[in-house]
Amino acid sequence: MGAVSGTPVFYYDLASPDAYLAAERIVGVLGTVPEFVPVLMGGPDGFRCAEEERIYRADVERRAAAYGLLPLRWPPELPPDSAWAMLVATYAKGGGRVVAFSLAAFRQAFAAGRDLGDRDTVLLAAAAAEMHPAAVLKGAGLRGVRDRLDAATTGAREAGVAAVPAVRVGDRVFHGDDELELAAAALA
């Protein structure tokens with residue numbers, strides 16, 4: 001397969017622990033900064049039982065340790081309520097701060113164990129990305145920001161994204177943290 005031209009696209013939702021793992025290592029694996037595209041696809045689907053959730057959490061913790069990330073501290077709810085945080089991520093994308101904000105928000109949720117449904121947690125992540133809280137509060141409430149998030153989610157589904165995290169390289173979509181290396185190979 002020949003090299004693929006263009007920038008790879010990283011689709012994520014801040015509610016996804018797997019997207020957190022992918023976001024922390026994507027630049028190193030791909031060798032380039034992909035376009036970060038926030039979409040509303042949520043975190044892991046509901047667990048059928050406590051044992052299933054325990055197994056999932058242990059797997060994410062194992063992978064985080066293998067990648068050399070900080071030990072995970074889980075938010076109070078899994079998946080966390082990411083709706084407002086995703087609006088802020090969309091607003092941040094318009095101002096060129098989406099990567100910095102998204103990494104800070106992921107770290108608040110999964111390295112600090114804070115609730116993304118709490119506006120103060122999201123504003124703390126925004127401050128880490130040098131975004132003014134008043135501008136964030138106003139920007140995230142704009143209808144245009146909501147429309148952009150909805151359009152990005154629809155566009156992701158139309159591109160073949162079934163779950164997050166996902167990376168699109170050309171017309172191919174790679175799903176999950178464990179397919180980042182395949183996406184990198186498609187870029188090579």
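The values are calculated or read from the model by the stated rules, or taken from the named source; none is laboratory data. On a predicted model such as this, the values are computed, not experimentally measured, just so you know. Here the Cβ positions follow ideal geometry from the backbone for every residue, glycine too, while neighbour counts run over all protein chains shown. Accessible surface areas use protein heavy atoms only, side chains included; no ligands, DNA or RNA. Shrake-Rupley method; radii C 1.70, N 1.55, O 1.52, S 1.80 Å.
Report summary: the helix-based calculation at 222 nm, which adds -39500 (n - 2.57) for every DSSP H run with n ≥ 4 and divides by the residues of the chain, gives -16500 deg cm²/dmol. Sorting the segments 113-120, 38-45 by their residues' average number of neighbouring beta-carbon atoms within 10 angstrom, most packed first, yields 38-45, 113-120. The GNM of the chain, with springs linking C-alpha atoms under 10 angstrom apart, assigns the highest mean-square fluctuation among Val60, Val88, Val167 to Val60. Charge tally around Ala111: other residues with Cβ under 10 Å, Lys/Arg +1 each, Asp/Glu -1 each, net +2. The residues of the chain present an accessible area of 47 Å² per residue when probed at 1.4 Å with all protein chains retained.
Leaving out ligands, DNA and RNA, and with a 1.4 Å probe, what % of the accessible surface on the chain is carbon or sulfur? Exposed carbon and sulfur together represent 52 percent of the surface. For region 1-101, the square roots a ≥ b ≥ c of the C-alpha gyration tensor eigenvalues yield an a/c of 1.5 or more together with a/b not exceeding b/c, which makes the shape oblate.
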